[in-house]
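Asks: Here it is: the structure, laid out below.
The values are calculated or read from the model by the stated rules, or taken from the named source; none is laboratory data. As the structure is a computational prediction, the values presented were derived from the model and not from experiment. Neighbour counts are summed over all protein chains in view; Cβ atoms, including those assigned to glycine, are modelled from backbone coordinates with ideal geometry.
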Ligand code: ATP
């Protein structure tokens, strides 16, 4: 048995967490959970967004399954997600977007993995009011952070037998910052002659993604472009309800859906738990439980292919719990 930390989150967080843990239990995943409520509701009651015990649990267990968290707006808080990524140096945000034949979208053959640098760029949150009408924001790109995310992208490509890594940037305008990222990419690419390396400007990438997404394989990019481009890739495969992610550092690993807490549908039992479930599958693979991850993925594919039990975001009418029961029935 392996003990992992679970953050239940806000909005649809508790509903999709319950669904996912029920499926993991039904699949006999050898896991025990230390569960914590975090976010706005926790703050209102106990005065801390993330209780100390929750941090301590993650520091002990090293693996976190995290539901979406709402950072209260306008109270001077830094994003909880950014805080967690920084505190535990979770520098690699990996977001696989793969077509599922049961989900009808304009393209059926997409298999793109985005490697998003997770600790710097404009997300360092350094903004300065120069005068009432002028604000500066600081974009930070370092050799250290760029080197490790780009190396991870190439290593992943090699380990998974993938063909190409594309660097996404805006070095034609941001000549020094994105220029540094691009030059590090070009240098590292020399060490991987077996993998094709190319680079594209981010605006062109967005256009190419909606016209000919099949040309992309692995993509690596600084933080802000990674945030935006990976949401675009989620749209290509059927929406945010289907995009999982891992956030990996040297010592810690956090797995979460790419979507937010979706307050507009919270409490209605209609949220799609698939993105968090696939994140849990990435976690199982990280823990070496390949067979259980495969079994769960197969059950999800069967339910989606059968078609009668889909959540509303995928054009169906099933509740979260019915969808979850259908998956459990096929395990
Ligand atoms: P954040 O800033 O945290 O990303 P957001 O409000 O911008 O939050 P989401 O919370 O991800 O974005 O929601 C965007 C839209 O996608 C909403 O209409 C929401 O209902 C929908 N959505 C997000 N996740 C799911 C899901 N798991 N199932 C169904 N719909 C979802």
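Asks: Checking the conditions here, which among 241, 226 is within 17 Å of the chain's Cα centre (by Cα) and closer than 29 Å to residue 198 by Cα? Can you show your working first?
Replies: Working: 241 fails: closer than 29 Å to residue 198 by Cα.
Exactly one of 241, 226 is within 17 Å of the chain's Cα centre (by Cα) and closer than 29 Å to residue 198 by Cα, namely 226.
Asks: Which one of 304, 224 is surrounded by fewer than 20 Cβ atoms within 10 Å (Cβ to Cβ), part of a helix (DSSP H, G or I) and within 16 Å of the ligand (Cβ to nearest atom)? I'd like the intermediate steps shown before the answer.
Replies: Details: 304 fails: surrounded by fewer than 20 Cβ atoms within 10 Å (Cβ to Cβ).
The conditions single out 224.
Asks: A further question follows. Does the range 14-38 hold any residues that are within 16 Å of the ligand (Cβ to nearest atom) and in contact with a strand residue (DSSP E or B) (Cβ under 8 Å, 6 or more places away or on another chain), and which are they?
Replies: Hits for the range 14-38 are 16, 17, 20, 21, 38.
Asks: Go through the residues of the range 130-143 one by one and say whether even a single one is loosely packed, with under 12 Cβ neighbours inside 10 Å, farther than 30 Å from residue 14 by Cα and in contact with a helix residue (DSSP H, G or I) (Cβ under 8 Å, 6 or more places away or on another chain). Spell out how you get there, then give the answer.
Replies: If we filter the range 130-143 for residues that are loosely packed, with under 12 Cβ neighbours inside 10 Å, which is where we start, we get 130-137, 143.
From the residues that got through so far, the ones that are farther than 30 Å from residue 14 by Cα too are 130-137, 143.
Filter again for in contact with a helix residue (DSSP H, G or I) (Cβ under 8 Å, 6 or more places away or on another chain), leaving 137, 143.
Scanning the range 130-143 turns up at least one residue that is loosely packed, with under 12 Cβ neighbours inside 10 Å, farther than 30 Å from residue 14 by Cα and in contact with a helix residue (DSSP H, G or I) (Cβ under 8 Å, 6 or more places away or on another chain).
Asks: Next question. Out of all the residues in the range 307-331, which are surrounded by 15 or more Cβ atoms within 10 Å (Cβ to Cβ), more than 16 Å from the ligand (Cβ to nearest atom) and without any contact (Cβ under 8 Å) to a residue 12 or more places away in the chain?
Replies: The one that is surrounded by 15 or more Cβ atoms within 10 Å (Cβ to Cβ), more than 16 Å from the ligand (Cβ to nearest atom) and without any contact (Cβ under 8 Å) to a residue 12 or more places away in the chain: 325.
Asks: Among the residues of the range 86-102, are any in contact with a strand residue (DSSP E or B) (Cβ under 8 Å, 6 or more places away or on another chain), surrounded by fewer than 18 Cβ atoms within 10 Å (Cβ to Cβ) and closer than 30 Å to residue 297 by Cα? Talk me through it step by step, then tell me what you get.
Replies: Taking the range 86-102 first, the residues in contact with a strand residue (DSSP E or B) (Cβ under 8 Å, 6 or more places away or on another chain) are 88, 90-99.
Within this subset, residues satisfying the condition of being surrounded by fewer than 18 Cβ atoms within 10 Å (Cβ to Cβ) are 98.
Pick out the ones that are also closer than 30 Å to residue 297 by Cα and you get 98.
Checking the range 86-102: at least one residue is in contact with a strand residue (DSSP E or B) (Cβ under 8 Å, 6 or more places away or on another chain), surrounded by fewer than 18 Cβ atoms within 10 Å (Cβ to Cβ) and closer than 30 Å to residue 297 by Cα.
Asks: Name the residue, out of 235, 241, that is part of a helix (DSSP H, G or I), at pLDDT below 95, within 11 Å of the ligand (Cβ to nearest atom) and surrounded by fewer than 23 Cβ atoms within 10 Å (Cβ to Cβ). Quick ask: steps written out before the conclusion?
Replies: Working: 241 fails: surrounded by fewer than 23 Cβ atoms within 10 Å (Cβ to Cβ).
From the options 235, 241, the qualifying one is 235.
Asks: Kindly evaluate residue 248 against the criterion of being more than 12 Å from the ligand (Cβ to nearest atom), within 14 Å of the chain's Cα centre (by Cα), over 21 Å from residue 15 (Cα atoms) and at pLDDT 95 or above.
Replies: yes
Asks: Now for a separate question. Tell me, which residue of the range 251-301 that is surrounded by fewer than 18 Cβ atoms within 10 Å (Cβ to Cβ) and near the ligand (Cβ under 8 Å from one of its atoms) is nearest to residue 2 (Cα to Cα)?
Replies: Checked the range 251-301; the qualifying residue nearest to residue 2 (Cα to Cα) is 260.
Asks: Please go through the range 177-195 and give me each residue that is loosely packed, with under 15 Cβ neighbours inside 10 Å and touching a residue at least 24 places away in the same chain (Cβ under 8 Å), ordered by number. Working first, answer last.
Replies: Kept after step one, since they are loosely packed, with under 15 Cβ neighbours inside 10 Å, are these residues of the range 177-195: 183, 186-187, 190-191, 193-194.
Hits for the range 177-195 are 191, 194.
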